[in-house]
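> One structure, pasted below without further comment.
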Amino acid sequence: MVNATLRGPTPAGPLSWNAYWLRGIGLQGARYVTLPLRLMLACTFLVHGLPKLGASGHAMFADHLAQMGFGASQFWAWLVGIVEVAGGVMLLFGIASGVAAIVLIVEMIVAMVTVHAKNGFDFTKNGVEIPLLIVAALLAVLIAGAGAFSVDEGWSDHDARSVRTTPPGP
C-alpha cells in the first residue's frame, strides 16, 4: 500500500504523487519547467521557418506578403524565415533564449495584427488564439529562462562559479 502523505524535504508539506514520482526520476525542479515549452516552440518555429528559406516556400510567402500590401516583400519574407529558423535553433539549444523570445514575440505580434486579428479569437477561423498561446509560452521562457539542458543554464552556472563570494584579501 502506498503512503498517501508523502513528505519531501521542503517545508511546503506533502508532495503530490506527480512531484514525488518526478523527484524519484530526477526531473523535479524549477529548472525543468520551461524545457517542454522551449522544445515545442523550437519545433513550431523551425517547421514554419524552414520552408520560407526554400525556393518555392520563399516565393509563396513573398507573394502572400505582397498581396497583403507589404512593400519589399522579398526582403520581409527572407527576414521572417531567418528570424523563425534562428529563433527556433536558439530555443532548441537554449542559446540567448531571452533574446530569441523577444524577437519572436515581436514577430508574433506583427502576425496577429496583420493576419489574425481580423478573424477574431477562434483558431478554427485563423484567429489570434494560437499566436497568443505562442506569445504566452515565449513570455514564460523569457521570464523563467531557458532552464534545463540549455547553453544559457551552462553559462549561468559558469558565471555563478566565477563570482567571488569572499572579499579580496590584503
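The values are calculated or read from the model by the stated rules, or taken from the named source; none is laboratory data. Please read these numbers as outputs of a predicted model, since none were measured by experiment. Ideal geometry is used to build each Cβ from the backbone, glycine not excepted, and the neighbour counts take in all protein chains shown. Accessible surface is based on the protein model in full, side chains and every heavy atom, while ligands, DNA and RNA are left aside. Shrake-Rupley method; radii C 1.70, N 1.55, O 1.52, S 1.80 Å.
> Kindly list the number of the only condition in (1) surrounded by fewer than 16 Cβ atoms within 10 Å (Cβ to Cβ); (2) within 24 Å of Met68 (Cα to Cα) that fails for Ala136.
So Ala136 meets the others, but not (2).
> Does Ala111 meet the test of being open to solvent by less than 40 Å² (accessible area, probe 1.4 Å) and either free of Cβ contacts under 8 Å to residues at least 60 places away in the same chain or not in a helix (DSSP H, G or I) (or both)?
yes
> Being surrounded by 14 or more Cβ atoms within 10 Å (Cβ to Cβ), modelled with pLDDT of 95 or more, in a loop (DSSP other than H, G, I, E, B) and not hydroxyl-bearing (Ser, Thr, Tyr): is that true of Ile105 here?
no
> Listed residues Ala117, Ala136; which is more than 21 Å from Ala42 (Cα to Cα) and either outside any helix (DSSP H, G or I) or not β-branched (Val, Ile, Thr) (or both)?
Checking each option against the conditions leaves just Ala117.
> Residue check: is His58 farther than 20 Å from Ala140 by Cβ, open to solvent by 30 Å² or more (accessible area, probe 1.4 Å), over 22 Å from the mean Cα position of the chain (by Cα) and modelled with pLDDT under 95?
No; evaluated as a whole, the condition is false for this residue.
> Any residue in the range 73-89 that is crowded, with 18+ Cβ neighbours inside 10 Å, charged (D, E, K, R) and within 16 Å of Val106 (Cα to Cα)?
yes
> Among Ser97, Ser150, which is the only one that is open to solvent by less than 30 Å² (accessible area, probe 1.4 Å), within 30 Å of Tyr32 (Cβ to Cβ), in contact (Cβ under 8 Å) with a residue 40 or more places away in the chain and over 11 Å from the mean Cα position of the chain (by Cα)?
Result of the check over Ser97, Ser150: Ser150.
> Something else: Restricting to the range 78-97, count the residues that are in a helix (DSSP H, G or I) and out of contact with any Gly (no Cβ under 9 Å at 6 or more places or on another chain).
Total meeting the criteria: 7.
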